[in-house]
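Notes follow the structure.
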Protein chains: 2
Amino acid sequence: MITGKNTIGTLNSARGTDTFKTFNPVENRENPWVFHQATKDEIDQAVQLATEAFGQYKNFSGKRKAEFLRAIADEIEEIGEDLITTYMAESGLPEGRARGERGRTMVQLRAFADLLEEGSWVEATIDVGQADKEPMPKPDIRKMLFPIGPVAVFGASNFPLAFSTAGGDTASALAAGCPVIVKGHPLHAATGELVSSAILKAAEKTNMPNGVFSNLNSSGISVGQELVQHPEIKAVGFTGSIAGGTAIYKLASTREVPIPVFAEMGSVNPVVVLPSAFEQSAHWAKQYALSITNGTGQFCTNPGLILGVKGDDFTQFIGTLGEEIAQISPASMLHPNIYKAFEKGIEVVTASGKTSLVGAYKGEAAPNFGKAKVLTVDADVFIANPALHHEVFGPYSLVVQCDSDQELEAAINALEGQLTGTLLGNSKELSEKTSIVDALKEKVGRLILNGVPTGVEVCAAMHHGGPFPSTTNAKYTSVGVSAITRWTRPVAYQNWPLELLPEALQNENPLKIHRIVDGIHTFNTI
Amino acid sequence: MITGKNTIGTLNSARGTDTFKTFNPVENRENPWVFHQATKDEIDQAVQLATEAFGQYKNFSGKRKAEFLRAIADEIEEIGEDLITTYMAESGLPEGRARGERGRTMVQLRAFADLLEEGSWVEATIDVGQADKEPMPKPDIRKMLFPIGPVAVFGASNFPLAFSTAGGDTASALAAGCPVIVKGHPLHAATGELVSSAILKAAEKTNMPNGVFSNLNSSGISVGQELVQHPEIKAVGFTGSIAGGTAIYKLASTREVPIPVFAEMGSVNPVVVLPSAFEQSAHWAKQYALSITNGTGQFCTNPGLILGVKGDDFTQFIGTLGEEIAQISPASMLHPNIYKAFEKGIEVVTASGKTSLVGAYKGEAAPNFGKAKVLTVDADVFIANPALHHEVFGPYSLVVQCDSDQELEAAINALEGQLTGTLLGNSKELSEKTSIVDALKEKVGRLILNGVPTGVEVCAAMHHGGPFPSTTNAKYTSVGVSAITRWTRPVAYQNWPLELLPEALQNENPLKIHRIVDGIHTFNTI
């Protein structure tokens, strides 16, 4: 049963009078549950509990934290069909997506558990001391990563499970040893409450300290602002819009003690079509029509920009893409406001009078259902109009037609930072058109060949983080196990008693982890 | 011969009319050379050249970049005695320090060359694709670190060689593959010019692209501000004051496209004296008198704060420390302004009427020579007066006397972030006083047992970077080879043709480096 309360440690709390409801965009009506926005007191209490919990939780072994993460995954599964129906009622996303995203959420939690059990993620680096070294003794120095403290996580509108309450940011922060306070996304507060209760059950079953997790309801920006400015919050994870992420980043950077913000924001994910791709013109047109409309276009890696050099082949590809797009049935967007922003975004682009239509779904659609549209523009116009470079969140893409490879390269150079960049082509083209490939590489966090950018594999080699404004910190990924290092910092021990060092740094290497010892990568003892 | 010109790529340039001189603090007079501050045009030109150079330099092999770094070290050695005398004339630091710092500068350059030749620093991570995986093929994903682009380095007043022109920031950025533009420190512009010419010779001998290095003269803040705000500058390295570093951090964070700033700033490097240390009371008193006055107290790891619990032993230690301090002959500070700031800092602390004298050098001193002083204060007064927590740059330390372990812990908790924290004591005390050790660990980047914080070993395990305000980014070190990752970001390749991947990511592992392949740490081929 949904209570509408905040989860503050083990407490269900509803001290505030500001309430809100979530919305079912498919049925175009409010959901029944009433949520109480967290008050300043409740925020303070959650942070206070998290700070106290950190004192214990940070010292828990990888094995214990892994048990907690696995228990969370199990408890999420345990919720059963309630989670699927609630997810659908609050997001308008279809059942297959709900099940897939739930699966991915559990995969992520278990991947971090695996990482903790293996243990090498702490980057143990050891320089063994030499007391008899001339002219001076060399000190013994050993460093590894430690958790930084309570983390605030902002849930994402478009991933009610995999990037929200128990999503990638929460899983990676808990894995690192940091308590988490989630500022739940207002669009899916009930989904968040169900997942929060699963986390709480898992915390109880595995004897985690009270305050290791809290979930705060919020319909405006004040709860998030309070959290980001709270002196005891040590880092922020965010998935959402450029405006939202940038505002949080600036707030965090101008605190008395600035804290890091790992915000994954907007991206148009440029796709460069090279001539050989036209050998499979119909195939790619169909694949891209599907990718542009996947999840009703509400993915951070949605291909919002397709670039190529003018010619009969490209014209034909564009034509087929238009035909394919016209056949994609509309689907619900996450919320009427997101639907309206999508319509408005398209309107702004078309009202510029600088684009022409490639293809669009022409039929009727239910309220809040996004109708796919693809437009096209000449590269010179595109380059001169930065307003055309921005993401339109929804089933939309813009085809940029270039006069030459030089203009194609100039169009890429004009772009902002991106999560991904895709090339359709063959090896010969890649090795000949190095300046185009290189220009694209400088703009992105992931380079894809002959595929679509939607679909982000959860694995160690994944990098889901590109130059600003796609993220606020291009060094870090929010997908895959490398995401754990965001919530850590190294501490070096100098001439510490060997028996009092953390296990990861002891001579015997009791955790049997990978370390760098005197510059050598090794699993050996010292 | 010192020309006073800026080094802009291969060009010596002096287009500006704003000039300045450096100062010999030992002889208390200006040095003869006249330096031309860089103009806006010269800054733009340096950045433009660096951007062009990046296009080539970023693709150079580790071996080629290592040759360049080794050649820089050789050319610095080649300058010979001129560098030593110029260093001394501009810093007032003694000959032994000049030679030692030159040696360290070369050690650093060669350590990064070694790192590049070994090659594993790129953190290659590979998840091999599985085309036949059900229900979906698993893409092949391979990521590694790449350089981010032109870097601005701000030279440090207190390290004319090891943290300036060819110092740790420059060496690590060049190693990463990033061109460097140094904003020279105005106190040692001639030293900077000599080192710049050595870098230029090395660049020429090893066929580096024009613009891989530039050195800009500057006596005020405008050159630095222009550099930090230049759209083509991708990151900043800084060593200096909290005020300076924070200003640059805020400027960089509020750019249209924010960039990372790795600023190493102030620190008082707290030292906690536990009872067993009094068994060697005289030894530690002498060691600390030397550490406090090492380099006339002008080190970022100078022990500015000594904490202990009241008692006869502590009183005796303090008395001996006072006697030792009184015997330390004054030595030149870096500049009259730094000397004045030191005097002013001491005056502010004493004028508060809250401290009493432990010991001070009582004799006469030449102009600009810093006279060592140690004061003491009760912990309750210390905790209530944050003004006493700040660094006084020079040969000074404050002894904080606590009533109990609880008050000692409270005093530590009241501190800002620090580069280092030191404990004097034995294993038994460390294992009993866990909350004190833990409180200190949360505040620092390096925990030292039974030593002094001055002296920072250049090695892989060193972490020279603590919580704000000791640095702007506690995740990174500015000393040791790990410093290279500051100037990089990961890029992942998805389904890329194996033969077109960077060597570090190819199946054959031609560089024979450490990689993580399908989650396994290995040097093997695939």
Local net charge near residue B:265, Cβ-Cβ under 12 Å (Lys/Arg +1, Asp/Glu -1): -3
Mean accessible surface per residue for chain A, computed with a 1.4 Å probe while every protein chain stays in place, in Å²: 36 Å²
Mean separation of Cα contacts under 8 Å, 6 or more apart, over the residue count of region A:270-449: relative contact order %: 28 percent
Suppose a student asked you for the relative contact order of chain B, using Cα pairs under 8 Å spaced at least 6 residues apart; what percent would you report? 17 percent
Does any residue of region A:501-526 lose at least 10 Å² of accessible area with all protein chains in place compared with its chain alone, and if so which ones (probe 1.4 Å)? A:514, A:519, A:521, A:523
Phi-derived 3J(HN,Hα) across region A:275-292 with the Karplus relation (6.51, -1.76, 1.60, θ = phi - 60°), rounded Hz, x for Gly and Pro, is x, 5, 4, 6, 4, 10, 3, 5, 4, 5, 4, 5, 4, 6, 4, 5, 5, 4
Which of the listed residues, A:125, A:49, A:424, is farthest toward the dipole's positive end in chain A, when Lys, Arg count +1 and Asp, Glu count -1 at the beta-carbon? A:49
Once the label point is placed 7 Å from Cα along Cβ, list for residue A:512 the distances to the corresponding points in the other copies, in nm, shortest first. 2.8
Expressed as a whole percent, how much of the Cα-Cα distance distribution for chain B exceeds 47 Å? 16 percent
Ranking A:37, A:493, A:288 by how far each Cα lies towards the positive end of the charge dipole of chain A (+1 on Lys and Arg Cβ, -1 on Asp and Glu Cβ), the top one is A:37
Using a label point 7 Å beyond Cα on the Cα-Cβ vector, give me the inter-copy distances for residue B:136 in nanometres, one decimal, shortest first. 5.5
Note down the magnitude of the dipole of region B:48-124 about its Cα centre, charges +1 on Lys and Arg C-beta and -1 on Asp and Glu C-beta and zero elsewhere, to the nearest 20 debye. 240 debye
Rg(Cα) / (2.2 N^0.38 Å) computed for region B:363-460, rounded to two decimals: 1.23
Range of Cα positions in region B:270-449 per principal axis (Å), largest first: 48, 30, 29
Cβ-placed point charges (K, R +1; D, E -1), dipole of the protein assembly as shown about Cα centre in debye, nearest 20: 520 debye
Axis-proximal residue, chain B, for the rotation superposing B on A (Cβ, Å): B:253, 2
Just to be sure I understand the model, the point goes 7 Å from the Cα along the line to the Cβ. What's the resulting residue A:387 to residue B:522 distance in nm? 5.4 nm
Carbon plus sulfur, as percent of the 1.4 Å-probe accessible area of chain A, comes to 52 percent
Which positions within region B:244-266 get 40 Å² or more of their accessible surface covered by the other protein chains, compared to the chain by itself, with a 1.4 angstrom probe? B:249, B:250, B:253, B:258
Averaged over the residues of A:207-213, the number of partner chain Cβ atoms within 10 Å of each residue's own Cβ comes to 0
Mean shadow of region A:24-113, computed from the convex hull of its alpha carbons, in nm²? 7.6 nm²
Give me the percent relative contact order of region B:84-228, please, defined on Cα pairs under 8 angstrom at least 6 residues apart. 22 percent
Chains B and A: what accessible area do they bury, summed, in square angstrom to the nearest 100, with a 1.4 Å probe? 5700 Å²
Rounded tilt (10° steps) of A:434-443 against the dominant C-alpha axis of chain A: 60 degrees
How far is residue B:64 from itself in the other copies, in nm, if each label sits 7 Å out from Cα along the Cα-Cβ line, shortest first? 5.2
Given the alpha-carbon gyration tensor of region B:168-235, what are the semi-axes of its equivalent ellipsoid in whole angstrom, ordered largest first, with each equal to the square root of 5 times an eigenvalue? 20, 16, 10
How would A:75, B:323 rank on accessible area, largest to smallest, probe 1.4 Å? B:323, A:75
If you count the DSSP beta bridges with both ends in the protein assembly as shown, what percent of them are antiparallel, to the nearest 5? 40 percent
Above 60 Å lies some portion of the pair distances; for the protein assembly as shown, what is it as a whole percent of all C-alpha pairs? 10 percent
If I ignore ligands, DNA and RNA and count only protein heavy atoms, how much of residue B:246 is accessible to a 1.4 Å probe, in Å² to the nearest 10? 30 Å²
Evaluate 2.2 N^0.38 Å with N set to the residue count of region A:208-305, then give the Cα radius of gyration divided by it. 1.57
The set of residues whose placed amide H lies less than 5 Å from the amide H of residue A:154, leaving out same-chain residues fewer than 5 positions away, is A:183, A:237, A:238, A:239
Rank B:360, B:349, B:404 by how far each Cα sits towards the positive end of the charge dipole of region B:329-408 (+1 on Lys, Arg Cβ; -1 on Asp, Glu Cβ) and give me just the farthest. B:360
Give me the residues in region A:462-482 whose solvent-accessible area, probe 1.4 Å, is reduced by at least 40 Å² once all protein chains are included instead of the chain isolated. A:463, A:468, A:475, A:476
With everything on Cα atoms, drop me the angle between helix A:95-118 and the longest principal axis of chain A, reported from 0 to 90° to the nearest 10. 30 degrees
Nothing charged except the Cβ atoms of Lys and Arg (+1) and of Asp and Glu (-1): what's the magnitude of the dipole of region A:270-449 about its Cα centre? Round to the nearest 20 debye. 620 debye
Here FRET efficiency (C-beta to C-beta, residue A:81 to residue A:229, R₀ 51 Å, nearest 0.05) is 0.80
For residue B:201, counting only aspartates and glutamates whose alpha-carbon sits under 14 Å away and dropping same-chain residues fewer than eight positions off, the answer is B:67, B:74, B:75, B:77, B:78, B:193
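The values are calculated or read from the model by the stated rules, or taken from the named source; none is laboratory data. This one's a predicted model, so the numbers in the text were calculated from it and none came from an experiment. When we count neighbours, we look across all protein chains shown, and the Cβ atoms used for this are built from the backbone with ideal geometry, even at glycine. Ligands, DNA and RNA are excluded from the accessible area calculation, which covers all protein heavy atoms including side chains. Shrake-Rupley method; radii C 1.70, N 1.55, O 1.52, S 1.80 Å.
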